[in-house]
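What follows is calculated from the coordinates using simple rules that are stated; it is not laboratory data. This structure is a prediction, so every number in the text was calculated from the model and none was measured. Cβ atoms come from the backbone with ideal geometry, glycine included; neighbour counts cover every protein chain shown.
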Amino acid sequence: MQASDQPPPRPQAPATPDDRRAPAIEFVGIDKWFGSNHANRNIDLAVAAGSIHGLVGENGAGKSTLMSILYGFYQADRGEIRVNGRKVTIRSSAQAIAAGIGMVHQQFMLVDTMTVLENVLLGAEGGFRLGAAEKRARAELRRLAEDYELSVDPDAIVG
Ligand SMILES: Nc1ncnc2c1ncn2[C@@H]1O[C@H](COP(=O)(O)OP(=O)(O)O)[C@@H](O)[C@H]1O
Ligand SMILES: [Mg+2]
């Protein structure tokens, strides 16, 4: 299709249902202390569905702490997390996965002796029939690699 075949832009277009959707993930007033160390201070952050965010800050700024709260590794001392507009309580990684949240950890948290695909699948096998889950994960990895132009060999050993 050529550019001229595209419908003209609608600058006054009304908000689509997508625009009105609640954020996929929202942190509201999150505080976290480790003893007297105030690691997260009143964090508000909304992540819209379909968007990609980078959380940037110096070492010790509290990035990992905030993500660990989202994944149920730590509990916030104050504030709440909402998923698709609903307040959720996430006390374990299993509850995070059930809420649709996945975590890809920093490299030192990966299992060195396993492949990329096995690390992706870890914790989300969905039962004993590994074959089906592996097939799905492989297809999804391939799709992501194509979409984001990343060359990732799913069968490469991580370590
Ligand atoms: N388990 C923990 N126990 C005590 N202090 C911690 C713990 N995890 C992180 N901290 C402290 O919380 C602060 C934020 O750390 P962190 O979230 O790892 O920062 P970042 O990921 O941005 O480098 C730092 O001062 C760090 O020393
Ligand atoms: Mg960190």
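Tabulated data
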item: Within a Gaussian network of the chain (alpha carbon springs, distance under 10 Å), most fluctuating of Gln107, Gln95, Gln75; result: Gln107
item: Estimated Rh, the range 104-159: Kirkwood, alpha-carbon pairs, angstrom; result: 11.8 Å
item: Share of alpha-carbon pairs per 5 Å distance bin for the chain, given as whole %; result: 2, 7, 12, 15, 16, 16, 12, 9, 6, 3, 1, 0, 0
item: Proximal charge balance of Asn42 [Cβ under 12 Å; K/R count +1, D/E count -1]; result: 0
item: The chain: most fluctuating residue of Arg138, Arg78, Arg129 per GNM, C-alpha cutoff 10 Å; result: Arg129
item: Set of aspartates and glutamates with alpha-carbon distance to Lys32 below 17 Å, sequence-local pairs under 8 removed; result: Asp44, Asp77, Glu80
item: Phe73, Phe108, Phe27 arranged by Cβ crowding within 10 Å, fewest neighbours leading; result: Phe108, Phe73, Phe27
item: Cα-Cα pairs of the range 71-111 separated by more than 17 Å (percent); result: 36 percent
item: Linear extension gain, Val158 paired with Arg138, 0.36 nm per residue minus alpha-carbon span; result: 5.6 nm
